[in-house]
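> Before I ask anything, here is the structure I am working with.
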Amino acid sequence: MRFPEDVPVLRDDRDTSTVTLRAHTADDIGPAYEACQDPEMQRWTTIPVPYERENAVHYLTEFVPAGWRDGNSWAWAIEYDGRYAGTIDLRPGDGGVGEVGFAVAPWARGHGVMTRALKLAVDHAFEQGWTRVIWRAYVGNWGSRRVAWKAGFRGLVTVPDGGVARGVRKDEWIATRSRDDAAEPAGHWWQVPTLEGDGLRLRALRSTDAKRVMEACNDERTQHWLAGMPSPYQFEDAEAFITGRLENLASGEGVSWAIADPETDDLLGNVSVFDLKNRIDGSVGEVGYWLHPEARGRGVMSAAVGLAIKHAFKPIDEGGLGRRRLMLFAAEGNTASAHVAVANGFTLTGTARAASPRRDGSYDNLLCFDLLATDRPQSAAATES
Ligand SMILES: CC(C)(COP(=O)(O)OP(=O)(O)OC[C@H]1O[C@@H](n2cnc3c(N)ncnc32)[C@H](O)[C@@H]1OP(=O)(O)O)[C@@H](O)C(=O)NCCC(=O)NCCS
């Protein structure tokens, strides 16, 4: 192919804005150099660090044209409303499968530019006969993951040490979109709405909650009834728990809230609705929780579960989790937990024998509760934001 004459121009025109993929020009050198000074760009891509002006000159005047001529890399400038906003490239591979890479300048982020550019590039790949496009990002690059999810990439896996940047190995996420996949999200990426009511606030967990999480999970009673928790529960365990909630949201597995004091916003506990991708029945969910010892004995968890289940039963198109049935399990003898279930209208459906492991290797019986969306009107007066 000749550069730039044969580089296809791909365009997504909307009423409010236009995203165009076009051949790079010498005018892009300055803005590309500027964009590559951004720490996020340096953190999540393989560009040289420090990034000098010569790097931009070499990339745009030698590497990119050579890629088109040789056919081993098709890199476009992304133009957003007439201004250079970033770069996206396709790297064809054997057997009709290739990879995509992208980056957008800080000023253009958060406007959907990358999602639109990615859809244009992937459509073009399929028009050229590709059967599958592979997306890769270092673990933790949530922005890139969300762009890929929005553009229909799926089947995400994590490959330990799968990526490398400037000689350093990094864990990597990989997902793909095949020619037969819709350019739409596959599966849910849940949000954590702030729920308020009954003198409580349920909000997303934050990194600053780690100390309170550690205290709550090191508590003797928490450790006794939740025998699967690390013991002792370290600060790093709390940090991993908080980060893991992002993964649960993104993978569609579950939603967790910090139960917070509405005055101080301090974490009082945690309530989660999880198992949302249950393999047998995707309309169910399980409710789980723990409370900081300082917050016990005053109805906090009963109220928090009330707010969470109201959200769980709300239809998905109204921003809820669209559940039909919720399950809740408590070890026999955990009176406080059984009380929370009963207070929220759950029915005790049975006892699973020797089903709740203890730390000494023995087992408690497990009380099994459930609640159907049709069981009762939702009582908690929750407001969402
Ligand atoms: C990742 C990147 C390409 C996203 O570009 P963008 O144009 O801001 O993406 P979009 O506007 O299309 O965003 C799509 C969605 O992702 C979300 N998103 C974007 N950046 C995010 C971030 N850092 N964290 C969480 N979500 C993010 C947006 O809110 C949007 O979701 P919404 O539509 O539900 O609101 C851009 O931040 C970037 O260039 N980063 C540095 C380089 C890089 O990481 N490249 C990818 C290497 S694999």
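> Subtract the Cα-Cα distance of Arg69 and Ser17 from 0.36 nm times their separation in residues, and report this length gain in nm to one decimal.
15.6 nm
> Please list 3J(HN,Hα) in residue order for the range 320-332, calculated via the Karplus relation 6.51 cos²θ - 1.76 cosθ + 1.60 where θ = phi - 60°; whole Hz, with x for glycine and proline.
Values, residue by residue: x, 9, x, 7, 9, 8, 10, 10, 8, 10, 9, 4, 4 Hz.
> Order by neighbour count: Ser207, Ser144, fewest other Cβ atoms within 10 Å first, most last.
Ser207, Ser144
> Once the Cα atoms of helix 235-251 and of the chain are each reduced to a long axis, what angle between those two axes, in degrees from 0 to 90 to the nearest 10, is obtained?
70
> Name the most mobile residue of Ser251, Ser73, Ser17, meaning the one with the largest mean-square fluctuation, in a Gaussian network model of the chain with Cα contacts below 10 Å.
Ser17
> Follow-up question, since we're still on this one. For the range 195-384, what does the alpha-carbon gyration tensor say about shape, rounded, prolate or oblate, given a ≥ b ≥ c as the root eigenvalues, a/c under 1.5 as rounded, and a/b over b/c as prolate?
It is rounded, given that a/c, with a ≥ b ≥ c, falls under 1.5.
> Please determine, in degrees from 0 to 90 and to the nearest 10, the orientation of helix 113-127 with respect to the longest principal axis defined by the Cα atoms of the chain, where the helix direction is its Cα long axis.
Computed tilt is about 70 degrees.
> Taking the Cα centre of the range 145-303 as origin, work out the dipole magnitude from +1 charges on Lys and Arg Cβ and -1 charges on Asp and Glu Cβ, in debye rounded to 20.
It works out to roughly 640 debye.
> What shape does the range 10-178 have by the C-alpha gyration tensor, where a ≥ b ≥ c are the square roots of the eigenvalues, rounded means a/c under 1.5, and otherwise prolate means a/b greater than b/c and oblate the rest?
It is rounded, given that a/c, with a ≥ b ≥ c, falls under 1.5.
> Shifting gears a bit: Which of these, Glu99, Glu263, Glu184, has the largest mean-square fluctuation under a Gaussian network model of the chain (Cα springs below 10 Å)?
Glu263
> Taking the Cβ-Cβ separation of Asp266 and His111 as r and a Förster radius of 35 Å, what is the calculated FRET efficiency to the nearest 0.05? Before the final figure, lay out the partial values.
Numbers: r = 35 Å, r/R0 = 1.01.
Using R0 = 35 Å, I get an efficiency of 0.50.
> Separate question: Looking at the range 69-173, which trypsin sites (Lys or Arg not before Pro) are in a loop (DSSP not H, G, I, E or B) and have at most 10 other Cβ atoms within 10 Å? Present the calculation step by step, with values, prior to reporting the outcome.
Numbers: sites: Arg69, Arg83, Arg109, Arg116, Lys119, Arg132, Arg136, Arg145, Arg146, Lys150, Arg154, Arg166, Arg169, Lys170; in loops: Arg109, Arg166.
Sites meeting the loop and neighbour criteria: Arg166.
> Suppose every K and R has +1 on its Cβ and every D and E has -1 on its Cβ; what is the size of the dipole of the chain about the Cα centre, in Debye to the nearest 20?
The calculation lands at about 660 debye.
> Further question: Quick one: helix 300-313 against the long Cα principal axis of the chain, what's the angle to the nearest 10°, folded into 0 to 90?
Around 50 degrees separate the two axes.
> Report Rg/Rh for the chain, rounded to two decimals, where Rg is the Cα radius of gyration and Rh the Kirkwood radius.
1.06
Values in this text are rule-based calculations from the coordinates and carry no lab data. On a predicted model such as this, the values are computed, not experimentally measured, just so you know. Quick reminder, even Gly has a Cβ in these numbers, built from the backbone with ideal geometry, and neighbours come from all protein chains shown.
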